[in-house]
Each structure stands twice: as C-alpha cells, then as structure tokens.
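> I am attaching a structure below and will ask some questions about it afterwards.
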Amino acid sequence: MTQTNTAAFVRVEGILLARGVLSAAAYLAGNAKKFGERAVRLGLVGLAAPVHRLLGQTDRALAHRLAHLAIRGMSQDRVEVLCEEYAEDVLKDTILDQGVELLKRLKAEGRRVVLLSDSIEPIMKPLSRHLKHYDELVYNRIEFEDSEATGRLLDPVIGSNVGGRWLDDYAAAHDLELARCSAYGAHGPDMLLLSRVGGPCAVNPDFVLRRSAKDADWPIIDYRD
C-alpha cells in the first residue's frame, strides 16, 4: 500500500545508470551525418567536458546546458533517432542491478518513487521501457525551433535546483510532507535535495558528497566499482 504524504526522490545518474550527460552528448555528436560536422560537434563536447566537471559541483543546471550545445542545429528527427539508439544500444546495458533493487525496496515500503534524471526526454522516454519500480520520471527537455535543436534546455532544468523551489512546488502539488520523504543523491549538488528531506542518503557519492554526508552523518551506500 502506498504511503500518503511521502515520496522517495532518486537521482538516476550514478544510482541507476553508470553513464551521464556527457556520454550522451558525445554519442549524438559522434553520429552527426557528415564527417566534418562530427569533428566540430565532438570538439564542442571536448571543450565542454572540463567545464562540465567543474560546474558539476556548483551549478549542475548550467553544466548540462553547456553539454547540450553540441547538438545545436541538428534536425529534430535526427536527434530523436540517435537518442533512441543510444537508449536501446548503450544506456539500457548500464542500468545498475543494485539501483533497481533499491527502487524495488522503496516501492515495497509503499513510497511514491520519483526518478530525477539529468538526461533529455528523447533518451529517457525509450529508456523508461526498461525501468521498473517507480511512479514518475522527471527529465530535461531540449528546445526545438523549426524542427532543429537550439542546444537550449527548457526550464526548469533538472540539476542542482531540485532541492529548492522545484522541490517545494512538487511537494505542494502532491501534498507531500518533506520531513517524511527520503532522497538518494550521488553528486555534490544533490546536497541541496538531501538536506530538505527527513531521510537523506548518499549513493555511490562523489568526493564532495561523500565528505558532506560523513559530516552530516547521513547514510552512505556503495555498490559501484
């Protein structure tokens, strides 16, 4: 039976999937139609990578915006086809069994399980066919104008902001008591999300989140090499 007024928020990347946004951007860029176009787009991903790693600990939303600039100008049809290929041929094989078991346990406890993904809709929709034990999947949306990708992510961008106004709005819309909710994060910016709920937990945390979780005496789960 589902508990009322409570939910479990789970970060997809790092907990359920072993790959992140840069991997997807590189796949899309590397499969552009023309060789010269591929080289330029992969170059943009290469330039974005160190900035993404740096901003990923401070402004994850901005980091994701930069990563997706590499697909600017690609046709909507091409983006959607490549995203589905990436989901089916690459991403589904990186689903972590222990992450699936975590979702299964949360559902068995009667919680509303909300998955939070940094990835974009054309990737996560086909991948959702391979995911179980959750109630809602929240992801980023890419902007298209005249059937071409602008490289811009539509607001709200799912990043570190999920612990602020986004979480308040979601809780209000679903009549949730955050003190009764739990959250599972993997990255430093997830601290904002974890600090807002009654049951925070760090899963496969990066260095920043691991240090903060230890300082705050939050539970830590490790299952990925």
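The values are calculated or read from the model by the stated rules, or taken from the named source; none is laboratory data. Just so you know, these numbers come straight off a predicted model, no measurement behind them. Every residue, glycine as well, gets a Cβ built from its backbone with ideal geometry; the counts of neighbours run over all protein chains shown. Note: areas computed on protein heavy atoms with side chains; ligands, DNA, RNA excluded. Shrake-Rupley method; radii C 1.70, N 1.55, O 1.52, S 1.80 Å.
> Each residue of region 87-94 in order: what ³J(HN,Hα) in whole Hz does its phi give by Karplus 6.51 cos²θ - 1.76 cosθ + 1.60, θ = phi - 60°, with x for Gly and Pro?
The phi angles translate into 5, 7, 8, 10, 5, 5, 7, 9 Hz.
> Another question, if that's okay. For region 166-225, what is the convex hull (Cα atoms) projected area averaged across all directions, in square nanometres? Each step should come with its number before you reach the end.
Working: hull surface 16.5 nm².
For the Cα atoms of region 166-225, the hull's average projected area reads 4.1 nm².
> Given H placed 1.01 Å from N in the peptide plane, which residues other than close sequence neighbours of Val113 have an amide H under 5 Å from its amide H?
Hits under the 5 Å cutoff: Ala8, Asp135, Glu136.
> Local charge sum around Asp135 (other residues, Cβ-Cβ under 9 Å, Lys/Arg +1, Asp/Glu -1)?
Working: positive: Lys107, Arg111, Arg112; negative: Glu136.
Computed value for this residue: +2.
> Now for a separate question. Rounded, prolate or oblate: pick one for region 150-192, where a ≥ b ≥ c are the square roots of the eigenvalues of its C-alpha gyration tensor, a/c under 1.5 means rounded, and failing that, prolate if a/b is larger than b/c, else oblate.
On the way: a/c = 3.20, a/b = 1.42, b/c = 2.26.
Oblate, because a/c is 1.5 or more while a/b does not exceed b/c.
> How long, wide and thick is region 101-175, going by the Cα atoms along their three principal axes, in whole angstroms, largest first?
45, 30, 18
> Also: Leaving ligands and nucleic acids out of the surface, order Ile221, Ile158 by accessible area at 1.4 Å, largest first. Please report the intermediate quantities before stating the final value.
Values: Ile221 55, Ile158 0 Å².
Largest accessible area first, the residues go Ile221, Ile158.
> A further question on this structure: Rounded to a whole number, what is D in µm²/s for region 81-225 from Stokes-Einstein with the Kirkwood radius over alpha-carbon pairs (20 °C, 1.002 mPa s)?
Working: Rh = 16.5 Å.
Stokes-Einstein gives a translational diffusion coefficient of 130 µm²/s.
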